[in-house]
Amino acid sequence: MRDVRGYLARLGLPDPGPPSVAALFALHRAHVERVPYENLEIQLGCPTTVDPDESVERIVRRRRGGYCFHLNGAFAALLAALGYRVRWHVGGVQNAPDDPAPGASGNHLALTVHGLTTPECPDGVWFVDVGLGDALHEPLPLRPGVFRQGPFTYALDRSAVVPFGWRFDHDPSGSFSGMDFAPGSAGPEDFAATHAWLSTSPESPFVRTLAVQRRDASGVDILRGRVLTRLEGSAAGGVAVRRKEELTTLSSWYAALADVFGLTLDDVPQQRRRMLWERVCRAHEEWAAARRVPA
């Protein structure tokens, strides 16, 4: 990777030094807090690839984010440049508990980092994922267990459908139910076809709906279409909606992108910015109309 310093500056971090668990956690936290999960390029009609060099360029120079192929691909490149033993894995996210096709479908890129042994992780393998949107804030030891991060509770176990693979179960309040990933190493070629479908198909959720998510220690900010939501912990110990607002003007919508998610879109011409807003409004109106139709 050519610009490690630039990437670290994007994360607001100094040189982390040699690989360590503490540094890995700091890198992971900074990434999910400063580099949002988003599908703006798809909504703008601008094609991307799963090439990690291109993803790094977009994150570092254009101060954008991306979804799993971009975020985890770029983060893996940074980790490798810093000396970490990192592997790509083919994963599959399920968006509902009754998803008909659980397993490592290829719609998600997962990462593991190896060789960092601690008492809680005696084999030194960590599940690392900055591309799950509203999920992980920090890495998890790759072992069966239940883990609490802020208001969210996660579980890791052996996959029931992927031989020798792993299963991550999201908090019930999350935007998806879970993700399975395969044990073998993967590369960009394993995700190119799925990325093309997700980027262009009218059936793709990334084409149908704009989504931006940013995780921090106490919760998550979510922009879905024109609805801005903040989830944090509740007094009862679960997850509560702390703020939910429909953004009704172009200026308030772009202000939320900039102020909440750090996405100023300075390189997008005014005409395209207006076209993006109009596209989001059409999708929002269709969604609202569908909710009004009696069952």
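Read-outs: derived from the displayed coordinates by stated rules, not from any lab. On a predicted model such as this, the values are computed, not experimentally measured, just so you know. Note that each Cβ is placed from the backbone with ideal geometry, even for glycine, and that neighbours are counted across all protein chains shown.
The packing ranking of peptides 147-158, 228-239, highest mean first, is 147-158, 228-239, where packing means the average number of other beta carbon atoms within 10 angstrom of each residue. With the convex hull of the Cα atoms taken as the outline of the range 206-292, the averaged projected area works out to 6.8 nm². Here the spin labels are modelled as points 7 Å beyond Cα on the Cα-Cβ line, and at Arg63 and Trp197 they lie 3.6 nm apart. Packing order of peptides 49-60, 72-83, 190-201, highest average first: 72-83, 49-60, 190-201 (average count of other Cβ atoms within 10 Å over each peptide's residues). When the chain is described by a simple charge dipole with +1 on each Lys and Arg Cβ and -1 on each Asp and Glu Cβ, the residue from Ala196, Gly83, Ala9 located farthest towards its positive end is Ala9.
Once backbone amide H atoms are built at 1.01 Å from N, Phe191 has no partners under 5 Å, excluding neighbours fewer than 5 places away on the same chain. Helix 270-292 axis versus longest C-alpha principal axis of the chain: approximately 90°, rounded to the nearest ten.
Between Val146 and Arg242, the simple spin-label model (points 7 angstrom out along Cα→Cβ) gives 2.4 nm. Computed about the Cα centre, the dipole magnitude for the chain is approximately 640 debye when only Lys and Arg (+1) and Asp and Glu (-1) carry charge, each at its Cβ. Please report the base-10 log of the normalised intensity I(q)/I(0) for the chain, using a Debye sum with one equal scatterer per alpha carbon and no solvent, at each q in 0.09 (1/Å). Taken in order of the listed q values, log10 I(q)/I(0) reads -0.42.
Near the amide H of Val239, within less than 5 Å, lie the amide hydrogens of Ser234, all on another chain or at least 5 residues away, with H placed in the peptide plane.
Assigning unit charges at the beta carbon (Lys, Arg +1; Asp, Glu -1) and nothing else, what dipole magnitude in debye, to the nearest 20, does the range 102-182 show about its Cα centre? Mind dumping the intermediate values first?
Working: 4 positive and 9 negative charges, 27 e Å.
Dipole magnitude for the range 102-182 comes out near 120 debye.
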